[in-house]
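Just so it is clear, none of the values below were taken in a lab; they were calculated from the coordinates. Computed from a predicted structure; not experimentally measured. In this analysis, Cβ positions are derived from the backbone assuming ideal geometry, glycine residues included, and neighbour counts consider all displayed protein chains.
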């Protein structure tokens, strides 16, 4: 007699953990690719402190656990290694609007998608100078809303990380998308 096992499912894809929605029958997912990520598109790149190069790539995650939902994935790459980014940019507790992560060397990157009318973002960190970063258009990606993105090495010298005051704690950073008149723009789920 074949026994069906019901268990919660979690999968790791492109360095981001994606939790399955509820209980899933083992037979429903064992022989199928339920989460797939398309070929990435390189958006931009640069050189971090210490001469290490980085690129930001975009792709689409198709998640069959979530009724074939397609979501934007952004990956901060140092060579062939992903150092930051992820999928599922939204307001749920497991996700976030933006990614705050260690880049190559002592760098610390902030990145993420913003609505199409956000031409810049204001980045605020306690006891530091506020910064405004210009956004760039996202390429057309199947199933992903039209939008823009930003990426910045917010700590190229490693001074925030060296202070030990939580450069990796995204809740200490404030990112505000702004339109061309400098007004705040509400976030769009990507």
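Annotations for the structure displayed:
- Computed FRET value (nearest 0.05) for residue 180 with residue 81, which takes r as the C-beta separation and R₀ as 35 Å: 0.45
- Ascending count of other beta-carbon atoms within 10 Å, so fewest first, for 75, 107: 75, 107
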